[in-house]
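The block underneath contains the structure these notes are about, expressed in structure tokens.
Values quoted throughout were computed directly from the atomic coordinates according to the rules given, and no laboratory measurement underlies them. As the structure is a prediction and not an experimental result, all values here were calculated from the model. Heads up, the Cβs are rebuilt from the backbone with ideal geometry, glycines too, and the neighbour counts pull from every protein chain shown.
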């Protein structure tokens, strides 16, 4: 299904430098999307050159050699600013690479830049970062423009653009607008899958412990995983293969060796058992998505798979528990930002304490400060048992729900990823970040609570011409099975290619060449 | 409640208790309440107090783990390195860094736990303890609050009563737990420029926090317990435990109450940087609390610092007001799992597991065992084994030597580095024919007192074990008298590189071997001392010693007293 960029590089049809230059010029012409915070043009071209030299010698490092990638701006990158879209880290240049970044570079990938996000990955819209909101490339697609009827002609298209979802919205937009072939996101409660769904790309949240978190600036250590955003499931498998495995710098990674895999083409799904968790009929689920979900279930059924309704009874408690655990860890993780060792430091110097207070007030936005406040409340001695400990117990129950369902013979769970398609920015910001996060993480965060692998597969366009995705949740460390099923599904649904009018207008030639390009 | 007091301070405490415990109510009218120190000097606690006071002392000891690298990072551990030269990204809490547990630190904690008779938890957990402080870069310390690595141990220590080495008592303090945790950095406050400078070299160094139950009742007990712990740590090598370098830090929790009543409000005394100061600080604090309460005051639950110059404790300004540490499990570290021979999985990489049994089998002899072996092997007195293997010497009773009203009744301790004294003794014993029982006298009375006078450590001694053995051999062979031996030793201290034999020859200190010459000298003494000879002949044999002494003086100590006695007896019976 995918164009073999890697083969093209190998065969010399295109050089890494050409590829890199095309991406860089696309980044420029799609600057209005605000997908990137930092574009590392110089170092990217240098990396491309080195890659080119390897191809010339006939010794590329592997499938990823010369492939342009982007990385969410909450992964440390040596020599390139890492901001977390926060005033706190504006201008911060890390002295080291996150393990996942290092692994990509070691395999010859070309790092184009750092992508936009909600401040410290706290959000579900990619609208709450200090560098401004990310715009969904689909806002500028022919598909959306044809179907969305402007409320009035006086309203310019400026107010019609839709959000990417978040918090890895920059990475999703970057992949969706062809400015890179793969991007790293992070996924704590759905931050990779949610924007992937809204931007019509594949978003994989691997099993907790499969990929190193070293160098990922944490949101919630016990749930964070580096996420993978690509244009097709095969690509996600390739990137996963290059990142997975034990890292001595992250004690929560598994010790067992991880063997990269190629995905087989499933021809027979009759041995598969697909579970449809009834609790995912969440309040607010759009009828459109509900219909799509049923259609997908039918697709499996019609192909001979066993499709059964299952119950994950504690699901409805999941989001509140997620919030308690999330804010508690946020309060703890953010304690290090005091302006002493790095990052923003306030001019206030009356005392160390007043300097801390001013630094943190100036450095963090309302969302971050709000979560720190509630997290500290939950961790107070008098509240710890009532909130944190209880939430942890419920978390165990939620994880056990999954264990039971998978133990009963279900291979994969099929659910919606989001409640609806992407909202226009003007609509989205009518509610505050907390409300939005509670709504938008509802279908995704349970997989984080249980540590399970889950993937968003773009499925169809909504009535408004916007992408809608479905989520597959697999067994712990059974990524191969999960991705194999996802690949089969991807093949069946034939999700349409984005037709980027705006990009065409801006950079016609490059877009034509990049169209449908994938690397594996 | 009685058990609490019995665990307290020696005999006098018990007597005090019995006096006060006639009824649950106040002591009989007119009876003065008393507080006592370990030596039994009862101290009136006040003029109208209803009952005696029972001090309760518990200790929290932070021992820096002796390890090449820090607890969770690869940075080197080194005392007095240039500021901020030993700081990894993790130590500086750079965002995205994660802790990786140092196996050596785990082993050191297991070793220490076993040596302190603890049960080792096969599964322990790490927690975050939050507070904002400039030398705590992450805003939290990783510690073991919920399930520490070792629990429920005990430590036996000995101290002497009334300052008499032959009245040693052995006591036991329960060890509540040992937890692994990170050290903080150091803040240097520059008040003139109103700046605080931060050195993160120490940030993240592995600590073992040893929590002792409040089983002690005075400074001397606390000091003796800490000294024994220090010796154990040094024997194990799990910590260098040098207090002056901050490798062993002691906080004391002190309270006082009346017998039969609940414990009083306690204060925590910090900033104690020597064992001697520990005893002083605790005793001061006990006295202060008693006086405060006797005067109708109350004790605040506060942190106080010991001011070694003033010899008193002063309130410390708290770091962040009332602290709520907001403990939380450390999510980046899985539970610490330890194995024993039974639970060790067969296919496990041995580099990745810590085997408790393996460590147990390799524990060195602890100080108490070493002392018992010294007593058994060499026939020396138990108290001498303590002199050889302990570095606390209770020199004098402060109350009798010091006029300071603040410190009346507080024991005075002399600290001296006698590290290696036992080895020195054993080396001398190996190289001489002299009986160990006699050697110990030379070690304690001559070597040790000389070292003390000149503030030298055993390792700095100008007289090596070889030279001392050489000298003692001359004595054994009766080549010299013991008086002469002392003279030779006095020469040896000068460290001029001469052998004992050379000194004997040069100074003509060898015994007079010529029987006739000795007989002539004896005869001369007899001839001069008519009265004494008369006395001896009339039956007063004690006077013979005087004659022997005179012969010794005549020969300048170069005569063998036994031979001289024989000659004199023979001549006087003629």
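Taking other Cβ within 10 Å of each residue's Cβ, how do B:242, B:428 sort, fewest first? Provide the component values of the computation, followed by the final result.
Details: B:242 14, B:428 25.
Fewest-to-most Cβ neighbours within 10 Å comes out as B:242, B:428.
As an exercise, use a Förster radius of 45 Å and the Cβ-Cβ distance of residue B:191 and residue B:146 to find the FRET efficiency, rounded to the nearest 0.05.
Values: r = 39 Å, r/R0 = 0.87.
Here the calculated transfer efficiency is 0.70.
State the extension gain, in nm to one decimal, for the chain segment bounded by residue B:242 and residue B:449, taking 0.36 nm per residue of separation less the distance between their alpha-carbons. Before the final figure, lay out the partial values.
Details: separation 207, 0.36 × 207 = 74.52 nm, distance 2.32 nm.
Contour length minus the Cα-Cα distance gives 72.2 nm.
Per 0.36 nm of contour for each residue apart, how much would the distance between residue B:76 and residue B:476 grow if the chain were fully extended, relative to their Cα-Cα spacing?
Numbers: separation 400, 0.36 × 400 = 144.00 nm, distance 5.21 nm.
Between residue B:76 and residue B:476, full extension yields 138.8 nm more.
What is the Cα centroid distance between segment B:269-315 and segment A:30-82, reported in whole angstrom?
Rounded to whole Å, the Cα centres lie 63 Å apart.
Report the FRET efficiency, 1/(1 + (r/R0)^6), for residue A:429 and residue A:11, where r is their Cβ-Cβ distance and R0 is 41 Å, rounded to 0.05. Working shown, then result.
Details: r = 48 Å, r/R0 = 1.16.
My answer for the efficiency is 0.30.
Take residue A:352 and residue A:492, extend 7 Å from each Cα along the Cα→Cβ direction, and tell me the distance between the two endpoints in nm.
If labels sit at residue A:352 and residue A:492, their model points lie 6.2 nm apart.
So for A:488, B:493, B:53, fewest C-beta neighbours within 10 Å to most, what's the order?
Values: A:488 23, B:493 16, B:53 27.
Ascending number of Cβ neighbours within 10 Å: B:493, A:488, B:53.
To the nearest whole number, what is the average tally of beta carbon atoms from other chains within 10 Å of the beta carbons of peptide B:76-82?
Values: counts 0, 0, 0, 0, 0, 0, 0.
For peptide B:76-82, the averaged partner shielding equals 0.
Over segment B:233-288, what is the relative contact order in whole percent, taking alpha-carbon pairs under 8 Å and six or more residues apart?
Values: 61 pairs, mean separation 16.2, N = 56.
Taking the mean separation of contacting Cα pairs over the length of segment B:233-288, I get 29 percent.
Mind jotting down a quarter of the surface of the convex hull over the alpha carbons of segment B:65-220, in square nanometres, one decimal?
Working: hull surface 49.8 nm².
Approximately 12.4 nm², given one-decimal rounding.
Sequence gap at least 6, Cα distance under 8 Å: using those rules, report the relative contact order of segment A:303-412 to the nearest whole percent.
On the way: 95 pairs, mean separation 43.3, N = 110.
Reported as a whole number, the value is 39 percent.
Looking at the P(r) of the protein assembly as shown, how many percent of alpha-carbon pairs lie beyond 38 Å?
Numbers: 364790 of 597871 pairs.
In whole percent, the share of Cα-Cα pairs in the protein assembly as shown beyond 38 Å is 61.
Relative contact order (percent) for chain A, with alpha-carbon contacts under 8 angstrom and 6 or more residues of separation? All intermediate terms of the calculation are to be shown ahead of the outcome.
Working: 1208 pairs, mean separation 102.5, N = 520.
Contact order relative to length: 20 percent.
Would you mind ranking A:100, B:463, A:201 by Cβ crowding within 10 Å, fewest neighbours first? Working shown, then result.
On the way: A:100 26, B:463 20, A:201 32.
Ranking A:100, B:463, A:201 by Cβ neighbours within 10 Å, fewest first, gives B:463, A:100, A:201.
Based on the Cβ-Cβ distance of residue A:377 and residue B:506, what FRET efficiency does E = 1/(1 + (r/R0)^6) give at R0 = 60 Å, to the nearest 0.05? Could you put the intermediate results ahead of the total?
Numbers: r = 85 Å, r/R0 = 1.41.
So the FRET efficiency works out to roughly 0.10.
Between segment A:186-204 and segment A:335-405, how many Å separate their Cα centres?
24 Å
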